[in-house]
Amino acid sequence: MTDAPTLAIDKIALLGRTFPGLAEEELREIADLTRANTYPPGYFLCTEGAHEDTSYVIADGEAIITKKISEQDGEREIRKVSWGDYVGEMAPIQNAPRAASVRTLTECTVLEISKADLEYMLSRSPRMALNILRSTLVRMRQNDQRDIQELQRTYKILAQLDRNKLEFIEVAAHELRTPLTVMKGYINVMKMDPAVRGNARLLEVLDGIGKGTERFTEIVNTMLDVTRVDSDKLRIAAVPVPLRSVVNDIAHRLEADANARQLKIVIEHAPDTPQINADPTLIQKALFHVIINAIKYTPDGGTITIRTQPMTLDGNIPGAEISVQDTGVGLDPEHHELIFEKFYQVGSVALHSSSKTAFKGGGPGLGLAIARGVVRAHGGRIWVESKGHDEVNFPGSTFYLQLPLNPIPPQNAPKPAG
């Protein structure tokens, strides 16, 4: 930093551009309170996050305003500033850390205004206070417009990437179906061979291959389900669905898996739980994925309670509610919405074992996304409630699925919760 006596600064003209509308005597008073300094290229006039009490009017040269996005993404340029621009005024006014950094791009001469002088000027000149407020609001509006444009551009890119990903999943799933079908056929043929049927060891090996093939087939079908959900290809073939029977059937299907981990599945049906008109296959898939999720995140010896009861959705629409409560590890609030996004995993994927029902067993991260898609396709709501993640006290989580008695068109459906 050096004093700048050699640079002839017309302070009145400069400040007149910075604070239009002020009388000449007010500009002179401001000019008397400022001091000129020159800084080399790369000098930080303002440092984001720092508590500083000086504001600057650019008299010569150019500087850039930047804001840190993240450690990975680094800084984002907000705008460049030059002659007549006023920077750094908000931190002294607000008594807050700098919201952005200002760095010189060239040798830069500035008029510096201390916090005490700024407060004095604002108290002396209401017009200057309004002027600073006006110019600040203009910059905020310009920054908002830039942010909106950037968000729109980013959204388009992400939407295209998401479409590409779904198209790849759909193609991959269809391609995998053919060899899986062939494998199943050969397994059945081998099991029919008398030499194999008389060999217990070979039968055991074939059973293991068959189970692996079935698990692979389930994953492929799940991949196809999520592509239909995300591309709005779900078609509701509504017929009467007895919810209590559906819940009982799914619980029975999962009984062996639950028993293997000493899990207790408790079912509590309200006597007046209604029958709904819905797509039975889709409803079964949604409930299956939610219950499987409860099994995965409940430690051995825990309890999963499934309840059904009548309820009324927003708009006095009659419906039914299914809740799935577990005594598992629980879920922190920041994950309550994200877990319904496809491929989202809570915690480190590397720590998960690949299993359908093992404790904290990994998976493709598609089940809850499918459940949400199914519920929303019927015009219902789905969300989770939990006090937080705790693998010592196990607070558990409760998933709620609310479905209307009759499917509701998307435009008339209640807004999603959670």
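Values in this text are rule-based calculations from the coordinates and carry no lab data. Being a predicted model, the structure only gives us computed values, none of them experimental. All Cβ positions, glycine included, derive from the backbone under ideal geometry; neighbour counts span all protein chains shown.
Using 26 Å as the Cα-Cα cut-off, could you pick out the over-long pairs in LYS264/LYS285; LYS184/LYS285; LYS68/LYS387?
Checking Cα-Cα distances, LYS68/LYS387 exceed 26 Å.
Select from PRO242, MET223, GLY198 the residue farthest towards the positive end of the dipole of segment 194-257; place +1 on Cβ of Lys and Arg, -1 on Cβ of Asp and Glu, and compute about the Cα centre.
Looking along the dipole axis, the top candidate is GLY198.
Tell me, what is the FRET efficiency for VAL171 and PHE343 to the nearest 0.05, using R0 = 22 angstrom and their Cβ-Cβ distance as r?
0.85
If I fit a long axis through the Cα atoms of helix 200-230 and take the longest principal axis of the Cα atoms of the chain, what angle between them do I get, 0 to 90°, rounded to 10?
Compared with the principal axis, the helix lies near 40 degrees.
May I ask for log10 I(q)/I(0) of segment 2-124 at q = 0.10, 0.13, 0.16, 0.20 Å⁻¹, from a Debye sum over the Cα atoms as equal point scatterers with solvent left out?
The computed values of log10 I(q)/I(0) come out as -0.30, -0.51, -0.76, -1.15.
What translational diffusion coefficient, to the nearest whole µm²/s, does segment 158-230 have by Stokes-Einstein, given a Kirkwood radius computed over alpha-carbon pairs, a temperature of 10 °C and 1.306 mPa s viscosity?
114
Stretched out fully, how many nm does the piece from GLN262 to GLU62 gain, at 0.36 nm a residue minus the Cα gap?
Net length gain for the segment: 65.0 nm.
Which three numbers, in whole Å and largest first, are the semi-axes of the equivalent ellipsoid of segment 50-195 derived from its Cα gyration tensor as √(5λ)?
62, 15, 14
Can you give me the distance in nm between label points at GLU204 and GLN152, each placed 7 Å from the Cα along the Cα-to-Cβ direction?
That separation, rounded to one decimal, is 6.6 nm.
What angle, in degrees between 0 and 90 and rounded to the nearest 10, separates the Cα long axis of helix 280-296 from the longest principal axis of the Cα atoms of the chain?
Helix 280-296 sits roughly 70 degrees off the main axis of the chain.
In deg cm²/dmol and to the nearest 500, what is the mean residue ellipticity at 222 nm of the chain if only DSSP H runs of at least 4 residues count, each as -39500 (n - 2.57), divided by the residue total?
So the calculated ellipticity at 222 nm is -14500 deg cm²/dmol.
Along Cα→Cβ, 7 Å out, is where each label goes; now give me the distance between the ones at GLN145 and ALA23 in nm to one decimal.
3.4
With a 10 Å cut-off between alpha carbons and a GNM built on the chain, which of GLY212, GLY328, GLY21 moves the most?
Ranking GLY212, GLY328, GLY21 by mean-square fluctuation puts GLY21 first.
Among ILE306, ILE148, ILE322, which one moves the most in a GNM of the chain with springs linking Cα atoms closer than 10 Å?
In this elastic network of the chain, the residue with the biggest mean-square fluctuation among ILE306, ILE148, ILE322 is ILE148.
For segment 2-124, give the magnitude of the charge dipole about the Cα centre (Cβ charges: +1 Lys/Arg, -1 Asp/Glu; no others), in debye to the nearest 20.
260
Hey, with R₀ at 30 Å, roughly what FRET efficiency would GLN160 and GLU77 work out to, going by the Cβ-Cβ distance, to 0.05?
Computed FRET efficiency for GLN160 and GLU77 comes out at 0.75.
Quick one: length gained pulling ILE236 to ALA195 fully straight, 0.36 nm per residue minus the C-alpha distance?
Stretched out fully, the ILE236 to ALA195 stretch lengthens by 10.0 nm.
To the nearest 20 debye, what is the magnitude of the charge dipole of segment 239-412 about its Cα centre, counting +1 on the Cβ of each Lys and Arg and -1 on the Cβ of each Asp and Glu?
380
Determine the principal axes of the Cα atoms in segment 239-412, then give the extent along each, sorted from largest to smallest and rounded to whole angstroms.
43, 31, 26
Debye sum, Cα scatterers, segment 193-236, no solvent: what log₁₀ I/I(0) at q = 0.21 1/Å?
-0.71
Could you give the Stokes-Einstein D for the chain in µm² per second, using the C-alpha Kirkwood radius, 25 °C, 0.890 mPa s?
D = 91 µm²/s.
Taking the 0 to 90 degree range and rounding to the nearest ten, how far is the long axis of helix 126-192 tilted relative to the main principal axis of the chain, both from C-alpha atoms?
20
Dipole of the chain (Lys/Arg Cβ +1, Asp/Glu Cβ -1, origin at the Cα centre): which of LEU263, ALA251, ALA320 lies farthest to the positive side?
Looking along the dipole axis, the top candidate is ALA251.
Placing +1 on the Cβ of each Lys and Arg and -1 on the Cβ of each Asp and Glu in the chain, which of GLY208, PHE44, THR136 has its Cα farthest towards the positive end of the resulting dipole?
GLY208
Quote the charge dipole size of the chain about the Cα centre in Debye, to the nearest 20; the model charges only the Cβ of Lys and Arg (+1) and of Asp and Glu (-1).
It comes to approximately 1620 debye.
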